[in-house]
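Engineer: Dropping the structure in here first, questions after.
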Amino acid sequence: MSPALLSVRHPVFIMSIVILMLTLGMISLKGLPIDLYPDVSLPTVVVQTTYAGAGPQEIETEVSKILEDEVSTISGVQKVSSQNMESVSILTIEFSLKTNLNFAEQEVRAKVSNALRELPDDIDAPVIRKISPSDAPIMYISLQADMDDAKLYDLAKEVISPQFEQVYQVGQVDILGGRKREIHVSLDRDRLNGTDISATAVAEALRSGGRNVPAGKIDVGPTQYSFRTLAQYQSIEEIGSSVLRLADVYHPITISSVGKIEDTLEDEKTRSRLNGKKAINFSIYRQSGANSVKVADDVAAKVKKINADFKAKGMNAEMKIVQDTSRKIRANVFDVYESIFFGVLLTVFVVYFFLGSMKSTLITGFALPNSLLGACIVMGMFGFSINIMSLLAMSLVVGLLVDDAIVVRENIFRKLEAGLSPKKAAIVGTNEVTLAVIATTLAILAVFGPIGNLQGIVGQFFKQFGLTICFAMIVSLFDGLFVAPVLSAYVAGEHSHKPPTSRFGRWNQKLLKDFDRFQTWLEKIYVMTLRWALDHPIKTILGSVFIFFFSLFIATKVPFTFLPPQDNGEFYVMFELPPGASLDGTDEVAKEIETRTRKFKEIEDVLVFVGSANGEAHKGSVYVHLVPSKQRNKNTTQMKDELRKAYAGLEKYNIIVTDNPGQQSSRAFNLNVVGQNMDELVQYSEKLLAKLKQNPSLQQVDSSYRAGKPEYQVKLKGDVAKASGVTVTGIGMELRTLIEGLTPAIYRENGVNYDVRVRLKPDQRDLREEFAHLRVPNLSGRLVPLQNVASLKEAQGPSVILRENRNRYIQISADLTPGGKGLGGVMAEVNALGQGELKAPAGVTFSFVGEAERFAELMTNIMVSMGLGVMFIYLVLASLYGSFITPFTIMAVIPLAACGAFFSLFITRSSFDLFSMIGCVMLMGLATKNSILLIDSTMERQKEGQSRYDALIKAGETRLRPIIMTSLALIAGMVPVAIGLNEASKSRTSLGIVVIGGTISSTLLTLYVIPAVHLYIDRFQDWFMGKYRKIFGHDETVV
């Protein structure tokens, strides 16, 4: 029983399925989480270790190398890299995609625990966390208040942060900026020397005192008694009264006798200002798998409540949401919804004009909600979310979803015009095109199925896109073969020729008749030109071959890149001073940049960070948030160019205006120069840097290498030190306590813990001036003059050391110049440089990372996907038509679709990027749909006895309307995407441009080239089968 016959005989059953599908689809749509991108799982674990006061070289040898050796032995590790900066080691371990992230984290924790015994004793405990793109903060919120720094920090940490943490599905809250209260024991050098007490002895005295110690418990009869010693500091004065040792029975030496106890603030590491006013900032993270928009809404509601509480209490404090990822998500989601809405509207408009019947239009248009909501059911079952990729898939298939219904309804419409009853027309009309409809749908599935199953990170990114299209197309096939016949049989009714009575009806009918006459004229013109093409098949085919090769030449003029420029209304300004600059020095530059930035009326918020999160005082950043796009005349890219001009004269501060906040490999172009010898790396990377700065396709080219700030190294005098009983460790710990300071104890007040830091007074901490006056303890605890056992020399080292797979590397990064050769062109030029003019010395190599690495992976995956798509389309067509030769006729249209894609990108000055590549893959399936309709009808007529020439002419005349209808419906659905209705969609316009251009070229060329190709391939098939039967025989038995 055919699908049409089943549906016409059991209409209630079919419509019950539809009602159920629509209901479940609505429920699933509301339940799907909303996010910006698919939740791509990157098995990556980061280990951050703080070793305060240590230089990059000490961090590398004392921390990173030890940890690298340990974690490199874990199964599944692909890459181990580290950033070694002053006081901080950041170790990144990347695992293969098949590795379970929770297992990887546990293994890393175990290995780090094993390495702890080899690490310095006074490092902070390593912080281990797993990361993925979805773990980035979803919001930044600023707190501003008129109160001192200590109270402001306590307000943020103890009052506000817990409220954010209590919000449903908030995973983590970090505080950026501000200074916490800290108790300082400022030691006097002369008093220490006079009493023969070392700074480490003071620290040890604080560590052993100031805390309650449980003494134990005993049982006496039926009662149990507990004992504990109470020594917790009740006041700051008690810290000073701690005894260090007894000078005599009546004169104990206390901490206050060798230093001063101060209630002050911790050392300032970073500063932040929002629009010129001091601020503390909160970064809000969501839990894995949480709905970003819902979490952002809940946090925003909490901010309103906190501000209301401030007002009620009379506090001069305010919180403001500065950066909100949900804005970007909403803008992109709204844009795609908008594209779907207008795409549906234009598609239905096209169908109405071609069919000239409102009932037929509604029957055809019913495929849209049915297919989209049906796809939502399967998306929910697979754990997908509503994101750019899944919504983009839905916007792309708007034109495709009505194709099956158009073909079926158009053929039923013809049968009604021929005089058949609605039920008979529904069955006969559907049966005639069932094979063609199945073939066209399978061709689309053959293309997008492989995309949904690609490997690697790019494959995970594309999974929801490819499979969402497959889900929608399967539901569309059900609609075309089952639902459209039911509605045609029971809703459309007889083909009516009654004249309308209203004025609008008469105007509408005249318009439709004029369009019908246009269709009739178009069919006549097409038949006339098709006859010429079939009379001159060689000229037709050679003409198309010329067009194809000319389009390949045009393609070389189109820039290749990974992602087009983003226009999100926000960006960052990164800057840095020479290593060694103080926080105050960096702040002076920050204020100048801030002043120049705030002059632009298009800018709403300016959030300044002085000092980096890793404690680098010479670096800073500015987050710039623009006013809504409707309130300004310049887009984000233009505003970035304006600011670059505004910073003229500040070039020495290495100002970079970029979309990304400056982490490793975060910019568009990233190149790692790898080797062991640092001198060779520096020399080669400097040559490469100079060459790349001359490349017009790159802008703001920068290197990660910095000469480093001046440092002073203390070197032990071996024999003298040995005779004095002084060890390197003893000197190191004493100097560390004297200069950097230790925090051996805590002071509690109102339930809040504050660190107690021990070190020299500020005016005595300059080792260059105080070297001759300082003393260090020997093994007996007696103080020995430092200059007797050690010497001081000045040196200079790198400010940061980067490592990858146990080698050092220097990273060169840059942004792409709009209108340049794109990422692909730059990568090709760099590879050519490496092979020729700037060949790397022995032991030095370079590799592309970040977006460039993803671009190479994308190109490989797209080629694999296209290859699989071609093979699957061929096998599907061969299976449906029972021939290994016929599919070549249908698939000859694929190169013709590429012609329009390349021409359209060239004309519109767009780039060949991630989205246009999606469009090219999509064209493979789209182009074959029209060929299938034409050749399927031709073969049916040939089976009825018509000649090859006549069958092609008649099939072309019959199939012209559905071919043009489906193509125009697809183009109409793509127009909103190609135009880019708002700022969020501008980066995706290349997708619509490629699909529209490819559809136009494939449709026009299909109508002429495919019939000409069919003449030769069908003749070849007859000749081949004749030879085959002569050699192998032919059994005509019917089975």
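The values are calculated or read from the model by the stated rules, or taken from the named source; none is laboratory data. Note that the structure is predicted; figures quoted are calculated from it, not measured. Positions of Cβ are generated from backbone atoms using ideal geometry, with glycine treated the same way; all protein chains shown enter the neighbour counts.
Engineer: I'd like the full set of residues that are more than 16 Å from Leu143 (Cβ to Cβ) and hydrophobic (A, V, I, L, M, F, W, C), limited to the stretch 284-336.
Structural biologist: Ala290, Val293, Val295, Ala296, Ala301, Ala312, Ile329, Ala331, Val333, Phe334, Val336
Engineer: Right, something else. Those residues that are more than 30 Å from Gln811 (Cα to Cα), of a type outside the set (S, T, N, Q) and surrounded by 15 or more Cβ atoms within 10 Å (Cβ to Cβ), I need them from the stretch 705-729; list them, please.
Structural biologist: Of everything in the stretch 705-729, those that are more than 30 Å from Gln811 (Cα to Cα), of a type outside the set (S, T, N, Q) and surrounded by 15 or more Cβ atoms within 10 Å (Cβ to Cβ) turn out to be Val714, Leu716, Lys717, Ala721, Gly725, Val726.
Engineer: Moving on to the next point. Testing Arg129 on (1) under 29 Å from the mean Cα position of the chain (by Cα); (2) closer than 30 Å to Ala331 by Cβ; (3) of a type outside the set (A, V, I, L, M, F, W, C); (4) crowded, with 16+ Cβ neighbours inside 10 Å, one condition comes back false. Which one is that?
Structural biologist: Going through (1) under 29 Å from the mean Cα position of the chain (by Cα); (2) closer than 30 Å to Ala331 by Cβ; (3) of a type outside the set (A, V, I, L, M, F, W, C); (4) crowded, with 16+ Cβ neighbours inside 10 Å one by one, Arg129 breaks only (4).
Yes/no per residue for (1) within 47 Å of the chain's Cα centre (by Cα); (2) touching a residue at least 12 places away in the same chain (Cβ under 8 Å); (3) within 30 Å of Leu858 (Cβ to Cβ):
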| site | (1), (2), (3) |
| --- | --- |
| Lys524 | no, no, no |
| Trp532 | no, no, no |
| Ile547 | yes, yes, yes |
| Phe560 | yes, yes, yes |
| Asp567 | yes, yes, yes |
| Ala581 | yes, yes, no |
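Engineer: Further, regarding this structure: Consider Thr845 carefully, then state whether it is of a type in the set (Ser, Thr, Tyr), under 18 Å from Leu689 (Cα atoms) and either surrounded by fewer than 16 Cβ atoms within 10 Å (Cβ to Cβ) or touching a residue at least 12 places away in the same chain (Cβ under 8 Å) (or both).
Structural biologist: yes
Engineer: Now a separate question. Kindly provide the set of residues from the stretch 942-954 that are over 20 Å from Thr529 (Cβ atoms) and assigned to a helix (DSSP H, G or I), ordered by number.
Structural biologist: Gln942, Lys943
Engineer: With the requirement that a residue be of a type in the set (Ser, Thr, Tyr) and more than 30 Å from Ser666 (Cα to Cα), what does the stretch 698-735 give you?
Structural biologist: Tyr712, Ser724, Thr727, Thr729
Engineer: Moving to a separate point now. Those residues that are surrounded by 14 or more Cβ atoms within 10 Å (Cβ to Cβ) and in a strand (DSSP E or B), I need them from the stretch 777-796; list them, please.
Structural biologist: The answer is Pro777, Leu783, Val784, Pro785, Ala790, Leu792.
Engineer: Moving on to the next point. Looking only at residues in the stretch 891-935 that are crowded, with 24+ Cβ neighbours inside 10 Å and either in the same structural domain as Met394 (by TED's automatic domain parsing) or of a type in the set (D, E, K, R) (or both), which one is farthest from Ile964 (Cα to Cα)?
Structural biologist: Asp913
Engineer: Here's something else I'd like to know. Scanning the stretch 218-240 for residues that are within 23 Å of Tyr747 (Cα to Cα) and among the hydrophobic types (A, V, I, L, M, F, W, C), which turns out surrounded by the most Cβ atoms within 10 Å (Cβ to Cβ)?
Structural biologist: Ranking the candidates gives Ile239 first.
Engineer: Residue check: is Lys79 among the basic types (Lys, Arg), touching an Asp or Glu at 6+ places or on another chain (Cβ under 7 Å) and either in contact (Cβ under 8 Å) with a residue 40 or more places away in the chain or farther than 27 Å from Gly615 by Cβ (or both)?
Structural biologist: Criteria met by Lys79.
Engineer: For the stretch 292-316, which positions are buried (at least 19 other Cβ atoms within 10 Å of the Cβ) and outside any helix (DSSP H, G or I)?
Structural biologist: None - no residue of the stretch 292-316 is buried (at least 19 other Cβ atoms within 10 Å of the Cβ) and outside any helix (DSSP H, G or I), so the list stays empty.
Engineer: Got a number for residues in the stretch 765-814 being closer than 23 Å to Ala203 by Cβ, under 49 Å from the mean Cα position of the chain (by Cα) and not hydrophobic (A, V, I, L, M, F, W, C)?
Structural biologist: 2
Engineer: Sticking with this one: Check whether at least one residue in the stretch 793-811 is more than 30 Å from Phe846 (Cα to Cα) and at pLDDT 85 or above, and report yes or no.
Structural biologist: yes
Engineer: Write out, first by first residue and then by second, each pair whose Cβ atoms fall under 6 Å of each other, whose residues are 6+ apart or on separate chains, and whose first residue, in the stretch 94-121, is among the basic types (Lys, Arg) while the second is outside any helix (DSSP H, G or I).
Structural biologist: Note: pairs meeting the criteria are Arg109/Ile128.
Engineer: Okay, next question. Given the criteria in a strand (DSSP E or B), modelled with pLDDT of 90 or more, more than 30 Å from Pro485 (Cα to Cα) and in contact with a strand residue (DSSP E or B) (Cβ under 9 Å, 6 or more places away or on another chain), does Val63 qualify?
Structural biologist: no
Engineer: Would you point out the residue of the stretch 164-199, among those that are closer than 30 Å to Val610 by Cα and among the acidic types (Asp, Glu), that is modelled with the lowest pLDDT?
Structural biologist: Asp174
Engineer: Considering (1) without any contact (Cβ under 8 Å) to a residue 60 or more places away in the chain; (2) at positive phi, say which one Gln700 fails and leave the rest.
Structural biologist: Evaluating Gln700 over (1) without any contact (Cβ under 8 Å) to a residue 60 or more places away in the chain; (2) at positive phi leaves (1) as the failure.
Engineer: If we only count helices (runs of 4 or more DSSP H) wholly inside the stretch 353-425, which ones have 2 or more residues that are among the charged types (D, E, K, R)?
Structural biologist: Hits in the stretch 353-425: 388-417.
Engineer: Looking at Ala646, Ala668, which one is over 30 Å from Ile175 (Cβ atoms), among the hydrophobic types (A, V, I, L, M, F, W, C) and out of contact with any strand residue (DSSP E or B) (no Cβ under 9 Å at 6 or more places or on another chain)?
Structural biologist: Being over 30 Å from Ile175 (Cβ atoms), among the hydrophobic types (A, V, I, L, M, F, W, C) and out of contact with any strand residue (DSSP E or B) (no Cβ under 9 Å at 6 or more places or on another chain) holds for just one of Ala646, Ala668, which is Ala646.
Engineer: Go through the stretch 574-608 residue by residue and tally those that are in a strand (DSSP E or B) and farther than 22 Å from Gln144 by Cα.
Structural biologist: 3
Yes/no per residue for (1) surrounded by 17 or more Cβ atoms within 10 Å (Cβ to Cβ); (2) under 30 Å from Ser326 (Cα atoms):
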residue	(1), (2)
Leu20	no, no
Ser28	yes, yes
Leu42	no, yes
Ser64	yes, no
Val77	yes, no
Ser113	no, no
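Engineer: Output the qualifying pairs, or none if there are none: Cβ atoms under 6 angstrom, residues six or more apart or on different chains, first residue in the stretch 874-891 and under 17 Å from Phe1024 (Cα atoms), second residue of a type in the set (Gly, Ala, Ser) and part of a helix (DSSP H, G or I).
Structural biologist: Phe884/Ala878; Pro887/Ala878
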